[in-house]
Structures are given as structure tokens and as C-alpha cells.
1. At what distance in nm do the modelled label points of residue 224 and residue 72 sit from each other, each positioned 7 Å from its Cα along Cα→Cβ?
2. Which of 89, 220, 119 moves most in a GNM of the chain, Cα contacts under 10 Å?
3. Which log10 I(q)/I(0) values, to two decimals, does the range 167-229 give at q = 0.23 Å⁻¹ under the Debye formula with one point per Cα?
4. Could you list the trypsin sites (Lys or Arg not before Pro) in the range 145-233 that lie in coil according to DSSP, counting only those with at most 15 other Cβ atoms within 10 Å of their Cβ?
5. Multiply the residue gap between residue 200 and residue 90 by 0.36 nm, knock off their C-alpha separation, and tell me the result in nm, one decimal place.
6. In what sequence, highest mean first, do 61-67, 71-77 appear when ranked by Cβ atoms within 10 angstrom?
7. Mean separation of Cα pairs under 8 Å and 6+ residues apart, divided by the residue count of the chain: what relative contact order is that in percent?
8. Do any GluC sites (Glu not before Pro) in the range 181-233 lie in a loop, going by DSSP, with at most 15 other beta-carbon atoms within 10 Å of their beta carbon, and if so which?
Amino acid sequence: MNKLYPDAAAALSGVLFDGMTICAGGFGLCGVPERLIDAIAAAGTTGLTVASNNAGIDGEGLGKLLRTRQIKKMISSYVGENKEFERQYLSGELEVEFCPQGTLAERVRAGGAGIPGFYTKTGVGTLVAEGKEVKLFDGQEYILERGIRADLSIIKGWKADEAGNLIFRKTARNFNQPMATASSMTVAEVEEIVPVGSLDPDAIHVPGIFVKRLVLGAPYDKRIEFRTVRERV
């Protein structure tokens, strides 16, 4: 099975539809599937529910899909750097499901492992617990959180072989690894593609069985959320 596609638009061909749920890797602007996000923006797919740690920043990352009003709902843990996100949420244009960061990671991991739900202490007694089942374990309250399964996962890797085995580089591993398992259609963009057998099996973070389509996204520009420099003296 050939998993290689010439570009992001081709890799998403026949996959996108209005109202779908997408798991998107990345943390801030680190490890974000930029080419795939651009292709979704160009396709004009609307009514999206997106599970992601955050929504990028204004005009970058998932912020591009917010700007074009393609996202209907965000399932996120941190959204503090995106003014457009704030504006849409406060005006009622965007539905938001806030989720503690560790809980979000576990919800995605659980979805990828075929676990429909789990109990956690995180969020007990807060707004996070509203409307959720509460159960006592050893005399303490825990809330039920549902696993997340998506129609599509879009992720960013560092290196892949032609069979789709993926390696992430340092911090860019973040949410990309669990997101890659949380749908039956995972599309990955990477910085380098090598022949099968070139990667050390012990270094592979996501086995190729999870990756259905693969695209070379390089070259990339290094984007920094906040640049802090020392004043000249």
C-alpha cells in the first residue's frame, strides 16, 4: 500500500467533510501540522470539531481555521494566546469544551486504545465536572471522562519511512503521538522521508500501522510565539 502523497491537498483528498471531528497534534506552534491545516483551510470544510491542546495563535496553526470560521467547536486545555479565539467564544460564535491538559491527553490516548471512558479526580468540584457522572472510589469522588475518537487525525513528525513509521523530535512529540492513534484515518506530514529499514525500530514513536497517508512538508519556517531578547546596552 503506497502511503506517500505529493502534497497535503492530495493527502486529504476524499477524507474531509463538513461537521467532522479532527484530532490535531501540536503544542503552541511546536509540532503543528502546518501543511495539513493550510489544506483544510483551502478546502473550505466547515462545522469542524477540533480536539487540540490549543488553538495556535492569531493567524498561525489552528488560528487560521478560526479566522476562516471553519471551526464550530474546540476541545482544548489552553487558549490564552489567541485573541480571535477569545472574541469568537465570548460572542457565542464558537463552542468550547475546556479540558485539563492531562485529562485531554488521557482522553485521546484512551480513544486510541479503544477505552470509551475512565474516571479521574482532576476537575472534581469545579466547572469541569458539571454534567458528568461522579463515582466514589475508596471514599473519594472521581468524574467520568469520555475517550476521544476522531474522523481524522492530522499530525506533524520529524522523520518517517515509506511505511509510515514515525519519529518525533524532542518537544514536537507532545500531543502528536497520542493523536496519531485516535482515529482510523491518520495523515502525517514530516520533515524527511527515508526508505523502509532506515529507522532504528527502537526509536520509532508511532508504528506505521496507525498512519494511512504521508506527505513531505519540508521546508518549514521556525515560528516563535514570543521572542524575548535582552536590551542592548
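1. Between residue 224 and residue 72, the simple spin-label model gives 4.0 nm.
2. Evaluated over the chain, the most mobile residue of the options is 220.
3. Taken in order of the listed q values, log10 I(q)/I(0) reads -1.16.
4. Sites meeting the loop and neighbour criteria: 169, 222, 223, 227, 230, 232.
5. Details: separation 110, 0.36 × 110 = 39.60 nm, distance 4.83 nm.
Result for the pair: 34.8 nm of gain on full extension.
6. Details: 61-67: 23.7, 71-77: 20.6.
Peptide ranking by packing, descending: 61-67, 71-77.
7. On the way: 528 pairs, mean separation 52.3, N = 233.
In percent, rounded to a whole number, it is 22.
8. Details: sites: 189, 191, 192, 225, 231; in loops: 225, 231.
Answer by residue number: 225, 231.
Bear in mind these aren't lab numbers, they're just calculated from the coordinates by the rules spelled out. Bear in mind the structure is a predicted one, so any value in this text is a computation, not a measurement. Cβ atoms come from the backbone with ideal geometry, glycine included; neighbour counts cover every protein chain shown.
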